[in-house]
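One structure is given here, and the rest of the page talks about it.
A short reminder: the numbers here are calculations on the coordinates, not readings from a lab. No experiment lies behind these values; they were computed from the predicted model shown. Here the Cβ positions follow ideal geometry from the backbone for every residue, glycine too, while neighbour counts run over all protein chains shown.
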Amino acid sequence: MRKTAWLAVAATILSTVAIAGHQVAVIDGTRWKIDVEPDSMTKDMGEKQFKETLTFADGNISLSAPKVGFEASPYSVVSAGEKDWTFKAERATAGEGSSVWTGTVHEKDVEGKLIWTKNNGAVLTYSFKGNKLD
């Protein structure tokens, strides 16, 4: 009986991993040119707009010139409609604090939000929009 219960748990875990892997594969291998715009409070802290390239590859998201100390990190994806996919990636670093990128991919467009919490407690909020490069 115990062995059957463990097999059921293992099967559930493996099927969840397979489904998550399939969903990541939907946007994996794509690159996106984005404009990142600080909100008004973040602008008041002296932050400026910047451009970035998001790359989804091998289950990780990376940035071309990581302004926020955000190195390649795993991301998750869920379906948000017939042609929409929502992603999320989180990263914490000793020197820069933590950052969370969330966004929605719709065919050849992407938009979302970056929330960067610095080590001193300051929270910087940005929105971003962009287009697929590939």
query: How much length, in nm to one decimal, is gained on full extension between HIS106 and ASN120, taken as 0.36 nm per residue of separation minus their Cα-Cα distance?
result: 1.5 nm
statement: Of every Cα-Cα pair in the range 66-122, the percentage lying beyond 15 Å is 52 percent
message: How far apart, in nanometres, would the label points at SER40 and VAL78 be if each is projected 7 angstrom from Cα along the Cα-to-Cβ direction?
response: 3.1 nm
Förster radius 25 Å - calculated FRET efficiency between ALA65 and ALA25 (Cβ-Cβ, nearest 0.05): 0.45
message: With the cut-off at 24 Å, tell me which of the pairs LYS43/LYS108; LYS83/LYS118; LYS51/LYS118; LYS43/LYS132 have Cα atoms farther apart than that.
response: LYS43/LYS108; LYS83/LYS118; LYS43/LYS132
